[in-house]
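The values are calculated or read from the model by the stated rules, or taken from the named source; none is laboratory data. It should be emphasised that the depicted structure is a prediction, and the values quoted were computed from it without experimental measurement. Using ideal geometry, Cβ is built from the backbone for each residue, glycine included, and neighbour counts are taken over all protein chains shown. Quick note on the areas: whole protein, heavy atoms, side chains included, nothing else; ligands and nucleic acids left out. Shrake-Rupley method; radii C 1.70, N 1.55, O 1.52, S 1.80 Å.
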Amino acid sequence: MKKFLFISLTLLLSVAAVASGTIEGEVQKQPLNISAIIMFLIFVSGTLGITYWAAKRTKTAKDFYTAGGGITGFQNGMAIAGDYMSAASFLGISGLVYLKGYDGLIYSIGFLVGWPVILFLISERLRNLGKYTFADVAAYRLKQTPIRTLAALGSIATVILYLIAQMVGAGKLIQLLFGLPYELAVVLVGALMILYVTFGGMLATTWVQIIKAGLLLSGATFMAIAVMAHFGFSLEALFAKAVEVHPKHQAIMAPGGLVSDPVSAISLGIALMFGTAGLPHILMRFFTVADAKEARKSVFFATGFIGYFYILTFIIGFGAIVMVLNNPQYLDVAKQAISGGSPILGGNNMAAIHLSHAVGGNFFLGFISAVAFATILAVVSGLTLAGASAISHDLYANVFKRGEVDEVKEMKVSKIATVILGIITIILGIAFEKQNIAFVVGLAFAIAASANFPVLFLSMFWSKLTTRGAVIGGSLGLATAVMLVILGPIVWVQIFGYETPVFPYKYPALFSVTVAFVGIWFFSITDNSENAKLEREAFEAQDIRSQTGIGAEGASAH
Amino acid sequence: MTKEQIEHVRNNPKYQKLVKERSRFAWTLSIIMLVVYYAFILTIAFDPSLLGIRMGDGVMTIGIPIGVAIIIIAFILTGVYVRRANSEFDELSHQVKEELKDIA
């Protein structure tokens, strides 16, 4: 029991920690859920219509990568919030609250506080310096080839690892919610994502994300209101009932030891904050708006939506404690016979789904199920576009062709890259079906925090940064992150089966981020080459542009 | 950008004002956010029972309003920054750009 709890907690932790991930454990295929399938089909046809509309408007590379820079701050804020409100963020956090009460809130807060800091320190400079990808910014005054290669590899690694997790999650969700076979679900998600991205580019991807964010926010709002109405809109009454029925009683109202030691707490804090600031699909969203003003607004709206959503998931989790826990309708009788307690069908991450049935009946269950699936589609589309951009814009156009490339060719490459990424994702999604993939998401986040973020941050803030420092330090951060995840409790103990982990912490960020920063610092200050001198001198011009936007990418094409 | 232009922008008092005030503002807000967040995280790490203190006679603990307050603080801080940046700083940076136009 203890081991099971540990594994599922680790899963939930990693899942929640990155706003992405999977449904835990073995999943039983459920009977066909017709209303969910119909609602999902309506969503799919709607989004395909948008893709058709977007395809007609996507002519240039700028259209493809950044929707022509014509997205408004509000729309972009919705889309960023959509990237955050993944299926795992919705199901994972409400499931965590259902299981542990207060601890769910800790994770919500961890995600959210990265946002203001990104806004204050990064978003504006990023917007003023970049064009399509964050590698544009990192390579602004440094040597294109090595920096772009490093940044593109960091992006692609992050994107593929994330995609695997989303795919496995999609497959399991579909089995549970729709009653369709796993492989079919994975192929369906992959195929739709390829369609959205290749034909509609960033414009379609953004609108799929906005619509889904709207559906998810309304669905979650309805659930939270229904729960509150049940208790006469008294939070105290809701909490009192939850404390009464939950096996942990009053303990669910306080932190329960999910983050127990100071090192883990600080490391998690760093992973959440720096990891977010190094996620290529999130960074790319700052280039879809017309100017720095809209970029700032989008962070403001995104913070509002995400914060609101997390408060809703907290209420939903507590609602599930009261209305799902101990409700024989949602009980997994087979599992109960083996392990006792009162396990719910499909595991704790299904708490919100069962609650939707409890408050809104079969129709609303269908709605929430369809939205959960739509959520995965939207998130994988954003990820794939970021991965394809890294391949076509960074590797193909700027490294391989050294910037001498026409737009038509570059777009063609990005479409081919999308299809290939889609196929790889489908294959890996099927291959990883039975694996514990929690580490995959943890790894994606660790790479974003330890390789992508330090290079990006120092390229904007530190005049003494040189190519040598960035490449060696960034690579060291990447290698350290990968190594510590392998030697850590999730891979070393749970996957390789050793007794104790070589590296005791689940989150390597505190260590790998430090290695990256120290490495970049050391190999920059000791770089006495002629090139390094020029790079340091170029900082001033870069800084002026990053501060004022003089010479920055122009306004919208739409 | 030529050396003269860089020199010119750097010596522009409005540019200096923009950079100085915005940096100070951005770092101040960032530090407020970090202090609030890490105070919360370190409380959880070292003394989680502190957040479990009940309010009055009910089951509600002080941890819940504190948690929600941090979410609201994050939202308010972004609002404060966006408001000032989209008016005062954008105006300053617009003026800097206008002045640079004359010498370019």
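The modelled label-to-label distance for the pair residue A:464/residue A:518, using points 7 Å beyond Cα in the direction of Cβ, is 1.7 nm.
In this simple spin-label model, placing a label point 7 Å from the Cα along the Cα-to-Cβ direction at both residue A:334 and residue A:59 gives a separation of 5.7 nm. Cross-link reach is defined here as a Cα-Cα straight distance under 23 Å, omitting same-chain residues fewer than 8 places apart; for residue A:241 the lysines meeting it are A:100. The 3J(HN,Hα) values that the Karplus relation (6.51, -1.76, 1.60; θ = phi - 60°) gives for region B:61-71 are, in residue order, 10, 5, x, 6, x, 5, x, 5, 4, 5, 4 Hz. Gly and Pro appear as x. Taking Lys and Arg as +1 and Asp and Glu as -1, the other residues whose beta-carbon sits under 14 Å from that of residue A:107 total +1. Only protein heavy atoms count here; on that basis, with a 1.4 Å probe, residue A:160 has an accessible area of about 40 Å². Computed with every protein chain present, the accessible area of residue B:94 is close to 100 Å² [probe 1.4 Å]. Counted without the sites themselves, the longest stretch of chain A free of GluC sites (Glu not before Pro) in a DSSP loop having at most 11 other beta carbon atoms within 10 Å is A:27-403.
For region A:82-130, a drop of 30 Å² or more in accessible area on going from the chain alone to the assembled protein chains (1.4 Å probe) is found at A:102, A:105, A:106, A:109, A:112, A:113, A:116, A:117, A:119, A:120, A:121, A:124.
Calculated FRET efficiency, residue B:39 and residue A:143, Cβ-Cβ r, R0 30 Å, to nearest 0.05?
For residue B:39 and residue A:143, the calculated efficiency is 0.10.
For chain B, the longest principal axis of the Cα atoms and the long axis of helix B:90-103 meet at an angle of about 20 degrees. When the trypsin sites (Lys or Arg not before Pro) in region A:94-164 are filtered for DSSP coil states and for at most 12 other beta-carbon atoms within 10 Å of their beta-carbon, no site remains.
The alpha carbons of the protein assembly as shown occupy a box of 78, 52, 49 Å along the principal axes, longest dimension given first. Rounded to the nearest 10 degrees, the inclination of helix A:34-57 to the longest alpha-carbon principal axis of chain A is 20 degrees.
To the nearest 100 Å², how much accessible surface do chains A and B hide from each other in total, with a 1.4 Å probe? When A and B are taken together, about 4600 Å² of accessible area is lost.
Solvent-accessible area of region A:73-143 (1.4 angstrom probe, protein heavy atoms only): carbon and sulfur portion equals 56 percent.
Residues whose amide H lies under 5 Å from that of residue A:488, counting only those 5 or more places away or on a different chain, are A:503; hydrogens are built 1.01 Å from N in the peptide plane. Rounded to the nearest 500, the helix-only mean residue ellipticity at 222 nm of chain A stands at -23000 deg cm²/dmol, with each DSSP H run of n ≥ 4 adding -39,500 (n - 2.57). A simple spin-label model places pseudo-atoms 7 Å from Cα toward Cβ; at residue B:83 and residue B:101 they are separated by 3.0 nm. Using a/c under 1.5 as the rounded threshold, could you call region B:25-84 rounded, prolate or oblate? The axes a ≥ b ≥ c are square roots of the C-alpha gyration tensor eigenvalues, and prolate needs a/b larger than b/c, oblate otherwise. The shape class here is oblate.
Average accessible surface for the protein assembly as shown: 36 Å² per residue, computed with a 1.4 Å probe over protein heavy atoms with every protein chain in place. Among the protein heavy atoms, those of residue A:527 account for about 10 Å² of accessible surface (1.4 Å probe, every chain in place). Axis angle, to the nearest 10 degrees, between helix A:262-276 and the longest C-alpha principal axis of chain A: 60 degrees.
3J(HN,Hα) couplings calculated from phi for region B:19-33 with the Karplus curve 6.51 cos²θ - 1.76 cosθ + 1.60 (θ = phi - 60°) are, in sequence order, 5, 5, 5, 5, 4, 4, 5, 5, 5, 4, 5, 4, 5, 4, 4 Hz; Gly and Pro show x. For chain B, the normalised intensity computed at q = 0.12 Å⁻¹ comes to -0.60 (log10 of I(q)/I(0), Debye sum over alpha carbons, equal scatterers, no solvent). Accessible surface of region A:309-398, 1.4 Å probe: 65 percent of it comes from carbon and sulfur atoms. Taking Cβ atoms as reference points and 14 Å as the exclusive limit, the residues near residue B:25 contribute a net charge of +3, counting Lys and Arg as +1 and Asp and Glu as -1. Helices in chain B, meaning DSSP H runs of at least 4 residues, each add -39500 (n - 2.57). Divided by all residues, the mean residue ellipticity at 222 nm is -26000 deg cm²/dmol. The alpha-carbon of residue A:335 sits under 16 angstrom from the alpha-carbons of these aspartates and glutamates, leaving out residues fewer than 8 places away in its chain: A:24, A:26. For region A:224-282, chymotrypsin sites (Phe, Trp or Tyr not before Pro) meeting the loop criterion (DSSP other than H, G, I, E, B) and having at most 13 other Cβ atoms within 10 Å: A:233. Close amide H contacts of residue A:344 (hydrogens built in the peptide plane, cut-off under 5 Å, sequence separation of 5 or more or a different chain): A:332. When the trypsin sites (Lys or Arg not before Pro) in region A:362-416 are filtered for DSSP coil states and for at most 11 other beta-carbon atoms within 10 Å of their beta-carbon, the remaining sites are A:402. In this structure, the amide hydrogen of residue B:61, modeled 1.01 Å from its nitrogen in the peptide plane, lies closer than 5 angstrom to those of B:55, counting only residues at least 5 positions away or on a different chain.
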